[in-house]
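Single-structure report; data block below.
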Amino acid sequence: MAFKGVSEEKIVFTDGDLINYNLRPSQFLSGFLMELLDRDDSARSVVYTFPHLTIQEFVAAVAQFLNPHSGNILKFLTGAHNTTDGRYEVFLRFVAGLSNPMTARGLEEFLGPFPHETTCRVIDWVKEEVKRQTGNTESEAGKRSLLNTMHYLFESQNHGLAQAALESVETLSFSGMTLTPIDCAVLSHAIGHCDTIKYLDLGNCHVQCEGIQRLGPGLHKCQELRLGWNELGDAGVKLVSAALRNPGCKIQKLRLGNVGLTDSGAEDLVSALSTNPSLTELDLSENNLGDSGVKLVSAALSNPECKIQKLWLDHVCLTNSGAEDLASALTTNPSLTELDLSDNKLGDSGVKLLSAALRNPECKIQKLGLYDVGLTDSGAEDIVSALSTNPSLTELNLRSNSLTDRSVPALRRLILTLPSLERIELGHNWFTETGGKELRSLQEPRPGLRVSV
């Protein structure tokens, strides 16, 4: 009766339901069923319900597990798992939990022995389902299905099963899903059994500080960790920083864009960066760091142990005042090859400070983002002069500034001087049709060059 209720999304039962299953209410009212007065019935009859839906789900799971006709259990489990409306999710977690002999032992005193054959079939099904789902995370449904299988593993509390199912998993992606703190605890349990995990994408999953706290023990194992667009705040980033300090930390690429980080929380992160030898890519875009926060990041860049090669600081409220610290760091950091400072109020004076650093022979910048930084024709001369001496530059983004045809000769000179340049973005400036045409014409003798105006 409980299982039929789960299948039909039914939580209220009548005397007729009990009669169909040969049940007497007096047997179960103390612990499993409650009497309710049926207000919709003119005769004011009594109906029955389980004290909590979880009890109904559990009783349903026990009933199916003890079903003497369990030959089709695998087909049944697969069908229930593939039901997309969520009605079987908790039920299947209980079924997985009952496959643990330690769990079953406490019930066998009252229910008799649990069928060994059913236990083995459930364990095999969970293992194969996890393996099948790990490569199926392109769609929202695929991600949800994989998360459910992770819950089954967690409920089974079977270390050997989790190890067998997850030991070779390299990629886990749940981006765009809403993950609860319980989901995060389940993922942490799963990651703990992944010996080869390389990529974990939890971007835009509505994860907050509590969720990161649950995930904390396994984060250091991932080579690429995406946590952007979550409400972590300074406290959450502090927990991520703890993962960076772990002596066994393998994180090489860290995405923390738009996570609510401020200059106050940046101190913990920067302290971790100074002791982490593995990190090569860091995304801090769209956080309210301000000049003081960028100053802290600049201090980390100046550390000889810092190995960061790609840094995103776009839209972090940086001004020309904070550019000086960053410029100073660039002159001492030989590893940085990609830097994005777009959507900051640098102005010509801030760009001039950066240009001085870019002239340094040790500078290895290959990709530079200066989209919408308040650059005018006056500042363009500085940046062009500096970059003209940089043989490494391959991409430059100067879109959405205030450049006019007066900058065309300097930009033309830059393009002609640097054979390494593959792409330059100049759209949404103030070039005339003639100026734009002159710049685009430089693509003709260079098949590998793209000039976007």
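Points to keep in mind about this one:
- By definition, a body whose alpha carbon gyration tensor gives a ≥ b ≥ c is prolate when a/c is 1.5 or more and a/b is larger than b/c, and the stretch 80-210 fits this prolate description.
- Label-reachable residues, the stretch 364-408, where backbone N falls under 20 Å from a point 7 Å from R450's Cα toward its Cβ: 366-372, 392-401
- Of all beta bridges that DSSP places with both ends in the chain, some 15 percent have antiparallel geometry.
- Relative contact order computed over the stretch 35-135 (Cα-Cα under 8 Å; 6+ residues apart), in percent: 24 percent
- Within the full protein context, the accessible area of C184 is estimated at about 0 Å² for a probe radius of 1.4 Å.
- Estimated FRET transfer efficiency (S335, T78; beta-carbon r; R0 51 Å; 0.05): 0.55
- Only Cα pairs under 8 Å and 6+ residues apart enter the sum, and on that basis the relative contact order of the chain stands at 6 percent.
- Heavy-atom accessible area per residue - the stretch 246-383, 1.4 Å, Å²: 38 Å²
- Dipole check for the stretch 335-397: with +1 at the C-beta of Lys and Arg, -1 at the C-beta of Asp and Glu, and the Cα centre as origin, the magnitude is about 200 Debye.
- Paramagnetic reach from S392 (point 7 Å along Cα→Cβ, amide N under 13 Å) across the stretch 287-331: 307-311, 330-331
- Gyration tensor verdict on the stretch 50-118 (Cα atoms; rounded if a/c is under 1.5, prolate if a/b is larger than b/c, oblate otherwise): oblate
- Seen from all directions on average, the stretch 280-347 presents a Cα convex hull projection of 3.8 nm².
- Dipole magnitude (debye, nearest 20) for the chain, charges at Cβ of Lys, Arg, Asp, Glu: 920 debye
- Placing +1 on the Cβ of every Lys and Arg and -1 on the Cβ of every Asp and Glu, with no other charges, gives the stretch 291-367 a dipole of roughly 180 debye about its Cα centre.
- For T178 and M34, a Förster radius of 51 Å and the Cβ-Cβ distance give a FRET efficiency of 0.95, rounded to the nearest 0.05.
- Shape class for the stretch 190-320, computed from the alpha carbon gyration tensor (a ≥ b ≥ c): oblate, with a/c not under 1.5 and a/b at or below b/c.
- The accessible surface of the chain, taken with every protein chain in place and a 1.4 Å probe, is 51 percent carbon and sulfur.
- Projecting the Cα atoms of N390, L232, G218 onto the charge dipole of the chain, computed from C-beta unit charges around the Cα centre, puts N390 farthest toward the positive end.
- Listed options for percent of Cα pairs over 44 Å apart are (1) 13; (2) 21; (3) 35. The value calculated from this structure is the one marked (3).
- Here K143 is the anchor, and the lysines within straight C-alpha reach of less than 18 Å, apart from those fewer than 8 places off in the same chain, are K127, K131, K198.
- Peptides 264-277, 308-321 ordered by average Cβ neighbours within 10 Å, highest first: 308-321, 264-277
The values are calculated or read from the model by the stated rules, or taken from the named source; none is laboratory data. Note that the structure is predicted; figures quoted are calculated from it, not measured. In this analysis, Cβ positions are derived from the backbone assuming ideal geometry, glycine residues included, and neighbour counts consider all displayed protein chains. Ligands, DNA and RNA are stripped out before the accessible areas are found, and what is left, the full protein with its side chains, is counted by its heavy atoms. Shrake-Rupley method; radii C 1.70, N 1.55, O 1.52, S 1.80 Å.
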